[in-house]
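Below: one structure, written as structure tokens.
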Amino acid sequence: MVSWLDEWAYRNRLAKLRATFKLTFSFILLIWAMIGTNVGRLLTIGWMLIWLIVYARLPWRACLRVCLLFSLVILWSSAPLLLSFDGDVVDVSYVGTICLRAFTCSLVLFFLTATTPFFRLACALQTLRIPRVLIEFLLLTYRFIFMLEKAARELFVTVRVRQGERNWRIASLAVAQLLRHTLHQYEAMVIAQRARHVSFTVPRCMDEQLPKRYVIEAPLGIVVLLIVEGLYVAVS
């Protein structure tokens, strides 16, 4: 899943769109998803799907699977909110609002991740004067995720070939071996970078583009959301 997401980030049609623009746009929509109404969140979800499928040209089936995954995780996580042990009446509408808010925020973050290559994101953070320590931490974490995925793939294939069975004991041993192997690789990478005096300076992205259609559509869409939210609040 991580490798597919990274491949989409480099091959979609919004990959060269200015990362600072997408960061600002996503940040505004995140705030909107947190403080807005459910109508605004539904409009934001539809708008994000248009950006992902129509503008970025990501596979619609993959986007549907991601949305289903988000929905399952959020519904499973919200199950304790529906259980009342003291006999009080559970407000289902409030739980639905929480789930819709979490889904909208997840979809906005997925838009930023699936349409922005990581090095452009790091360059944008550097442009926004984010502390260098945080950028270096993000780079190391990004590298660690791919090392973890590769080690997991190799380890589980080995366990399946050698054992041929699945139980909790084998799974626990596999997870422990996976973490040990990944941490060893991570430590070796850090030592090698220190020995070679590797610099974490992110190169500037000189090929970024910002077409006028996106500059016009993003603020216009936010204004439309404001108007719809105001009308909905006034009517309700």
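The values are calculated or read from the model by the stated rules, or taken from the named source; none is laboratory data. None of the values given here were measured: they were computed from a predicted structure. FYI the Cβ positions are ideal-geometry reconstructions off the backbone, even for glycines, and counts take in every protein chain you see. Just the protein is used for accessible areas: all its heavy atoms, side chains included, with ligands, DNA and RNA removed. Shrake-Rupley method; radii C 1.70, N 1.55, O 1.52, S 1.80 Å.
In segment 173-181, is there at least one residue being open to solvent by 90 Å² or more (accessible area, probe 1.4 Å), at pLDDT below 65 and not in a helix (DSSP H, G or I)? The answer is no, given that none of the residues of segment 173-181 is open to solvent by 90 Å² or more (accessible area, probe 1.4 Å), at pLDDT below 65 and not in a helix (DSSP H, G or I).
Going through C99, C67, C63 one at a time, which residue ends up being in contact with a Leu (Cβ under 6 Å, 6 or more places away or on another chain) and surrounded by 15 or more Cβ atoms within 10 Å (Cβ to Cβ)? Give the steps one after another, and end with the answer.
Values: C99 fails: in contact with a Leu (Cβ under 6 Å, 6 or more places away or on another chain); C67 fails: in contact with a Leu (Cβ under 6 Å, 6 or more places away or on another chain).
Exactly one of C99, C67, C63 is in contact with a Leu (Cβ under 6 Å, 6 or more places away or on another chain) and surrounded by 15 or more Cβ atoms within 10 Å (Cβ to Cβ), namely C63.
For G46, the conditions (1) touching a strand residue (DSSP E or B) at 6+ places or on another chain (Cβ under 8 Å); (2) within 18 Å of R101 (Cβ to Cβ) all hold with the exception of (1).
Residues checked against (1) part of a helix (DSSP H, G or I); (2) modelled with pLDDT of 90 or more:
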site	(1), (2)
L58	no, yes
L100	yes, yes
T104	yes, yes
T141	yes, no
E149	yes, no
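Scanning segment 37-56 for residues that are open to solvent by less than 20 Å² (accessible area, probe 1.4 Å) and either touching a residue at least 60 places away in the same chain (Cβ under 8 Å) or not in a loop (DSSP other than H, G, I, E, B) (or both) returns G40, R41, T44, M48, W51, L52. Of everything in segment 190-236 that is surrounded by 14 or more Cβ atoms within 10 Å (Cβ to Cβ) and touching a Lys or Arg at 6+ places or on another chain (Cβ under 6 Å), the residue that is modelled with the highest pLDDT is E208. Within the bounds of segment 67-76, is there any residue that is in contact (Cβ under 8 Å) with a residue 40 or more places away in the chain and on the phi < 0 side of the Ramachandran plot? Yes, segment 67-76 contains a residue that is in contact (Cβ under 8 Å) with a residue 40 or more places away in the chain and on the phi < 0 side of the Ramachandran plot.
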